[in-house]
Amino acid sequence: MQLILLGLPGAGKGTQAQLLAQRQGLLHISTGDMFRQAAAEGTDLGKRAQEYMSRGELVPDEVTIGMLLDRIQRPDAAAGIMLDGFPRTIPQAEALDAALANQNRAIDAVLYIKVPEDLLMARLTGRWSCPNCGAIYHELTSPPAAKGKCDRCGADLTQRADDRPDTVRARLDTNRTWTEALADYYEKQGKLHAVDGAGEPDQVTARLTAEIDAVSAAGEKA
Ligand code: AMP
């Protein structure tokens, strides 16, 4: 199977991609992880990617497409792939379709993990840390006993700039633009499957698994 996972930041895409790839025996490919690894190794590709990543911009298509197509042509990708973070532009989606067609393969399904806006905001802006002792809290999953105060040392908790509501909202807006464009692209191909991403991670995994099983059963019947 060739699957793509779509979802806005905070939808749990990375975690689910890893779990599902393991369950389905697919190679999990995250272009973000590939760029981070290349940057850590200091390769030319990594240095180039780092310039864009540090500005929060997309790495140009000519770099990203080449890297991804090379990866999916290696032997360990032959049994199937679970793409996470790729494609992010229509040219990337088109290049992927063309490359898979050359190998007599195709995307089987695109799973779009949907989470209501207010829940995404709560997940992404809930993190607070203690400037004094380094303790980390999350309003949803591990709140401090007294709001805004560290349980361990009583200091006032602080929020990272990246986690502040205005920054998070801007990030969601940018991501929504390309995510919706890709959702449309795959909807037109009849491959888009929306999955409810609210609730506990294992509930979401169960919904995604049911969707994949349905796609797989339909494929076997055809
Ligand atoms: P991620 O971990 O998926 O959020 O990716 C981290 C960063 O890597 C992104 O902010 C982009 O700068 C870059 N990146 C990852 N995947 C792509 C892609 N498909 N197209 C362009 N840039 C990407």
Problem - Within region 106-140, backbone nitrogen closer than 20 Å to the virtual label 7 Å beyond the Cα of Arg152 toward Cβ - result: 126-140
Practice task
Grab the DSSP H runs of the chain that are 4 residues or longer, score each as -39,500 (n - 2.57), total them, divide by all residues and round the 222 nm result to the nearest 500 deg cm²/dmol.
Solution key: -16500 deg cm²/dmol
Fill in the blank from the handout: The percentage of Cα-Cα pairs in region 182-221 separated by more than 12 Å is 64
Handout entry: Fraction of the pair-distance distribution of region 107-222 above 16 Å, Cα-Cα pairs, percent
Key = 70
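Counting other C-beta atoms within 10 Å, and keeping those with at most 14, which DSSP coil chymotrypsin sites (Phe, Trp or Tyr not before Pro) do you find in region 45-136? Write out the running numbers ahead of the final one.
On the way: sites: Tyr52, Tyr112, Trp128; in loops: none.
Listed in order of number, the matching sites amount to none.
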Practice task
Give me the distance in nm between label points sitting 7 Å out from Cα along the Cα-to-Cβ direction at Lys221 and Lys47, one decimal.
Solution key: 5.5
Exercise for the section: Would you please state the base-10 log of I(q)/I(0) at q = 0.09 1/Å for the chain, with intensities from the Debye formula using one equal scatterer on every alpha carbon? Expected result: -0.42
Handout entry: Per-selection metrics, region 5-128 (Cα): Rg and Dmax in Å
Key = 15.3, 49
Fill in the blank from the handout: GluC sites (Glu not before Pro) in region 1-101 lying in a DSSP loop, each with at most 16 other Cβ atoms within 10 Å of its Cβ, come to Glu57
Fill in the blank from the handout: Treating only Lys and Arg (+1) and Asp and Glu (-1) as charged, each at its beta carbon, one finds that the chain has a dipole about its Cα centre, in Debye to the nearest 20, of 400
Practice task
Please list, or write none, the aspartates and glutamates whose alpha carbon is within less than 13 Å of the alpha carbon of Lys114, excluding same-chain residues fewer than 8 places away.
Solution key: Glu180, Asp196
Problem - Separation between Cα centres of region 8-26 and region 27-45, rounded to whole Å - result: 18
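Each reported figure results from applying straightforward, stated rules to the coordinates on display, with no laboratory input. Keep in mind the model is a prediction, meaning the values are calculated, not measured. No Cβ is skipped: glycine too gets one built from the backbone with ideal geometry, and neighbour counts run over all protein chains shown.
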